[in-house]
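K.L.:
One structure, as structure tokens, below. Some questions next.
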Amino acid sequence: MMKKFALLAVIIPCVMAAAAAAQTAVPPLTIEQIVEIRHPYSPAWSPDGRHIAFLWDHDGVDNLYVADAGGQGDPVAVTQFTEGKVRSFFWGRDNQTLYFPHDGDLWRGSASGGAPSAVWTTPAAESSIAASPDNSRVAFARASGTAPNSGADLVVRDLASGQETRVAHDPTNIADVRWSKDGSHLAYVGGFRIVDHPEMPPYSGDKIIYRNIEVTPGRLMVVAAAGGTPVTAGQLGEYEQASWVDAGHLVYDHQENQYKTRIIYVANASGGGPRVAHRDVEEKFWSIPEDSGSPGQASPDGKWILFISDRDGWDHLYVVPAAGGQAVQLTRGEFEAWRPQWSHDSRRIAFDANEPGHPGDRHLGIVDLSAGPERATVTMITAGRGTDTAPQWSPDDSRLVYQHTDPQHSADLYVMEARQGGKPAQISESMPAEVRKHTFVEPQFIHYAGPDGKQVGAWLFVPKNLDPSKKHAAIVWIHGDGINQNYDGWHIERNYAVYYSFHQYLLEKGYVVIAPDYRGSLGYGRDWRTGVYMDIGGNDAKDAYMAANYLKTLHYVDPDRIGVWGLSYGGFFTLISLTDNPTWFRCGVDVAGVVDFGMYYQDPYHNGWTVSRIGLPSQNPKVYEQTAVIHRMDQLQRPLLILHGTPDVNVPYLESVRLIDQLLKLGKDDLFSFMVYPGEYHYFDRGHILRDAWHRVDHFFEVNLEHDKGGQESQSRRAAP
């Protein structure tokens with residue numbers, strides 16, 4: 001009896017321990033959970049510096065929130081719209097009211113919560129609503145009619161009294177309204193025209209019309225805020241914007257010579273033509289991305305114009321005297337300095353930059369110009385893994401609000417003192433509480449040789465608890481935009497952060513993932529970005545798909561079970577990967593990919609991106625033919641899943657329609673499947689779309705990368721339904 005009792009005493013603790021372990025086991029990550037991850041952006045300090053308002057994206061709906069600048073308590077919802085989006089906002093003078101455009105009118109909400117309401121309601125739509133420097137007035141464009149290009153009025157409205165003054169009229173359009181720093185004048189863009197280029201290709205039928213949009217250049221106009229005769233201060237090309245230097249001058253950027261020349265102009269508000277403040281001439285093309293903050297930015301005191309240039313091969317901060325003179329370089333080294341912001345006293349500039357040799361880690365720095373630009377000092381104030389980006393100064397210049405991501409944390413907002421050693425305070429929490437952050441896989445930065453021997457940087461993700469004695473399926477992820485990059489952790493942009501989240505889900509299922517930074521990618525300097533010149537779909541595509549060769553050197557990867565997928569430019573590369581190397585990859589997923597840059601060029605919306613890299617079709621027909629992967633789809637041998645949204649303006653839905661038509665003509669109907677998302681744009685945004693897309697991709701990889709004990713290809717390996 002004693003022996004049996006002793007055995008029971010041993011068994012019971014073991015059973016209890018097993019039960020306790022089962023209770024504490026981490027539940028698997030689900031697609032539903034990762035879709036619930038929110039993304040905060042566009043933070044703005046209240047005038048008294050006590051609160052920060054920001055926009056928070058959830059399920060494709062952007063609402064306005066207010067957080068305590070010290071990180072106390074949870075953010076308060078100013079709006080709780082279930083449809084539509086809040087895109088911009090500004091603080092009222094009372095530190096309590098927030099104003100934002102909504103449904104073509106101006107609305108207001110309270111920083112303490114409650115139901116927002118309309119400031120006004122008018123039959124005509126108002127746009128480009130801008131607050132005066134003291135936030136007492138707003139200026140906006142009001143459509144004169146309902147038809148496109150029917151004209152617009154420039155109106156100033158007093159927020160307290162509601163009194164309106166019509167200060168200007170343009171017979172075509174008015175946009176991009178901006179107040180002068182003293183509130184005495186308004187600048188705006190007038191005379192631009194939106195031109196429709198409808199297209200009805202034979203493979204889509206007469207009932208479906210594809211609308212290509214061309215925006216003609218406009219005039220930079222200036223008018224007194226009290227009304228008067230508008231003055232032409234300059235000419236602005238498509239998407240070019242101007243900002244005020246002082247009460248009498250504006251600064252704007254212009255690109256010409258097939259995007260090889262970037263000029264910074266200073267325009268006189270009273271007319272007379274602009275003068276050149278700085279000029280950059282590139283051998284290949286201007287490659288610094290728009291969201292880097294590269295355009296000229298005047299200091300608050302109007303003495304200096306800050307800009308970014310890559311004249312030494314890397315993106316660095318420069319200043320030039322607003323009155324004229326030589327530019328002075330402020331930052332130096334093998335890194336890319338972006339998103340600079342002047343302090344209110346014009347003595348310092350906050351920015352973010354990647355570390356030399358670490359393209360995926362970005363940190364905050366401060367340039368101190370107190371002793372003059374020639375003796376400026378640079379101090380990095382954050383460090384560690386991940387990214388710290390987009391700093392914004394507090395009203396008293398003592399603190400910064402910024403975005404942080406890393407391998408365990410998606411994007412959130414933080415506040416810290418504007419000095420080295422400051423302690424950050426988190427003011428938003430975007431990850432669902434049920435998601436266990438410690439389970440996420442940290443990426444490893446690796447290199448492999450590209451087609452010409454140049455080293456390609458890439459991020460390798462290896463599942464935790466991977467059994468190295470077995471062969472595992474792997475996936476090559478190819479980022480889009482052509483000019484973007486992967487980061488050390490969550491992507492800083494919401495559009496790509498959703499893919500990083502999904503990869504964490506795939507990693508938990510046992511897939512190995514690699515994400516290459518092919519030539520053209522950010523983080524590696526000018527020469528890597530411009531390495532695609534006259535070679536789109538050439539060595540850059542090879543850089544991407546040769547990640548498979550690296551995977552095959554890993555003993556724990558099954559070389560016969562590698563999939564490839566990508567968005568946009570990455571979708572284009574996916575198609576190239578599957579046709580250049582018909583048996584390298586077991587399957588591929590094309591999300592809104594280009595099939596022919598000749599088509600892309602013909603859409604006026606995309607001329608700039610294409611012409612800068614490969615010129616005109618009439619100039620370089622062979623280069624354009626290289627990009628026409630549509631003509632090589634007869635080489636497709638492996639399953640392909642195509643996903644695309646109908647109103648996509650980045651890569652028109654027409655590209656995938658033509659791809660499907662070509663595949664059907666080639667008799668490839670057993671190799672591909674397709675899902676169209678009505679009303680969804682290029683970057684899948686809405687929650688129900690993401691859920692469907694991720695479940696389809698998950699099932700597609702599961703079917704086509706499954707493992708057969710006998711090592712033979714399964715008959716079920718075909719495109720998932």
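The values are calculated or read from the model by the stated rules, or taken from the named source; none is laboratory data. These figures come from a predicted structure and were not determined experimentally. Here the Cβ is made from the backbone with ideal geometry for all residues, glycine too, and neighbour counts use every protein chain on show. With ligands, DNA and RNA removed, areas are computed over all heavy atoms of the protein, side chains included. Shrake-Rupley method; radii C 1.70, N 1.55, O 1.52, S 1.80 Å.
K.L.:
Could you order the peptides 249-260, 274-285 from most to least packed, using the average number of other C-beta atoms within 10 Å per residue?
P.N.:
Ranking the peptides 249-260, 274-285 by packing returns 249-260, 274-285.
K.L.:
Let me spell out the model: positive unit charges on the Cβ of Lys and Arg, negative unit charges on the Cβ of Asp and Glu, origin at the Cα centre of segment 437-593. What dipole size does that give, in debye rounded to 20?
P.N.:
Result for segment 437-593 is approximately 320 debye, rounded to the nearest 20.
K.L.:
Heavy atoms only, probe 1.4 angstrom, no DNA, RNA or ligands counted: give me Y624, Y533 ranked by accessible area, highest first.
P.N.:
From most accessible down to least: Y533, Y624.
K.L.:
What accessible surface, in Å², does a 1.4 Å probe find on W107, ignoring ligands, DNA and RNA and rounding to the nearest 10?
P.N.:
50
K.L.:
Cα to Cα, under 19 Å, and not fewer than 8 places away if on the same chain: which lysines meet these conditions relative to K542?
P.N.:
K542 reaches K454, K552, K622.
K.L.:
Compute the separation of the alpha-carbon centres of segment 138-183 and segment 249-304 and state it in Å as a whole number.
P.N.:
So the separation of the two Cα centres works out to 26 Å.
K.L.:
Oh, and also: Among G162, H409, A53, which residue has its Cα positioned farthest towards the positive end of the charge dipole of the chain, with +1 placed on the Cβ of Lys and Arg, -1 on the Cβ of Asp and Glu, and the dipole taken about the Cα centre?
P.N.:
Value computed over the given set: H409.
K.L.:
Can you return the lysines within cross-link range of K303? Criterion is Cα-Cα under 22 Å, with same-chain partners fewer than 8 residues away left out.
P.N.:
K181
K.L.:
Which value, in Å², gives the accessible area per residue of segment 339-407 when a 1.4 Å probe is used on the protein heavy atoms?
P.N.:
35
K.L.:
So what J values fall out for segment 479-492 if you push phi through Karplus, 6.51 cos²θ - 1.76 cosθ + 1.60 with θ = phi - 60°, rounded to Hz, Gly and Pro as x?
P.N.:
5, x, 6, x, 10, 8, 6, 9, 10, 7, x, 4, 5, 6
K.L.:
Label-point separation (nm) for V26 and K552, each offset 7 Å from Cα along Cα-to-Cβ?
P.N.:
Using points 7 Å along Cα→Cβ, the separation is 3.3 nm.
K.L.:
Using the crude model of +1 on Lys and Arg Cβ and -1 on Asp and Glu Cβ, and no other charge, please compute the dipole size for segment 317-393 relative to its Cα centre, in debye to 20.
P.N.:
My answer is approximately 140 debye.
K.L.:
Something else now. Please give me the summed charge of the neighbours of V595: other residues whose Cβ is under 11 Å from its Cβ, Lys and Arg +1, Asp and Glu -1.
P.N.:
Summing Lys/Arg as +1 and Asp/Glu as -1 gives -2.
K.L.:
Mean separation of Cα pairs under 8 Å and 6+ residues apart, divided by the residue count of the chain: what relative contact order is that in percent?
P.N.:
Computed value for the chain: 8 percent relative contact order.
K.L.:
Kindly point out which whole DSSP H helices in the chain project their C-alpha atoms 24 angstrom or further along the helix axis while averaging a Kyte-Doolittle hydropathy of 0.0 or above.
P.N.:
The answer, listed by residue number, is 2-24.
K.L.:
Going by amide H atoms built from the backbone, whose H comes under 5 Å of the H on H249, apart from near neighbours?
P.N.:
Excluding prolines and chain starts, which carry no amide H, the hits are A269.
K.L.:
For segment 123-276, what is the accessible area per residue in Å² when the probe is 1.4 Å?
P.N.:
Value for segment 123-276: 46 Å² per residue.
K.L.:
On the full set of protein chains, 1.4 Å probe, figure out the accessible area of T261 and give it in Å² to the nearest 10.
P.N.:
Probe radius 1.4 Å; accessible area of T261 about 10 Å².
K.L.:
Could you compute how much accessible surface D134 exposes when probed at 1.4 Å, giving the result in Å² to the nearest 10?
P.N.:
70
K.L.:
Charges at C-beta only: +1 for Lys and Arg, -1 for Asp and Glu. How large is the resulting dipole of segment 169-281 about its Cα centre, in Debye rounded to 20?
P.N.:
200
K.L.:
Report, in deg cm²/dmol and to the nearest 500, the calculated mean residue ellipticity at 222 nm for the chain, where each DSSP H run with n ≥ 4 adds -39500 (n - 2.57) and the sum is divided by the residue count.
P.N.:
Value at 222 nm, helices only: -5000 deg cm²/dmol.
K.L.:
Right, next: Share of segment 513-594's accessible area from carbon and sulfur, percent, 1.4 Å?
P.N.:
So the carbon and sulfur contribution to the accessible surface is 48 percent.
K.L.:
May I ask which residue of T82, I308, Q504 lies farthest towards the positive end of the charge dipole of the chain, with charges of +1 (Lys, Arg) and -1 (Asp, Glu) on Cβ and the Cα centre as origin?
P.N.:
Q504
K.L.:
Also, quick follow-up: By how many nm would the segment from Q326 to R632 grow when fully extended, if each residue of separation counts as 0.36 nm and the alpha-carbon distance is taken off?
P.N.:
Length gained, Q326 through R632: 105.0 nm.
K.L.:
If DNA, RNA and ligands are ignored and the probe is 1.4 Å, what is the ranking of H699, H479 by accessible area, most exposed first?
P.N.:
My answer, sorted largest first, is H699, H479.
K.L.:
Ok, one more. Any chance you could run the full-extension gain for S150 through D182? It's 0.36 nm times the residue separation minus the Cα-Cα distance, nm to one decimal.
P.N.:
Taking 0.36 nm per residue and subtracting the Cα distance, the gain is 8.4 nm.
K.L.:
Something else now. Could you give each residue of segment 592-597 its phi-based ³J(HN,Hα) in whole Hz, using Karplus coefficients 6.51, -1.76, 1.60 with θ = phi - 60°, and x for Gly or Pro?
P.N.:
Each residue of segment 592-597 in turn: 6, x, 6, 10, 6, 6 Hz.
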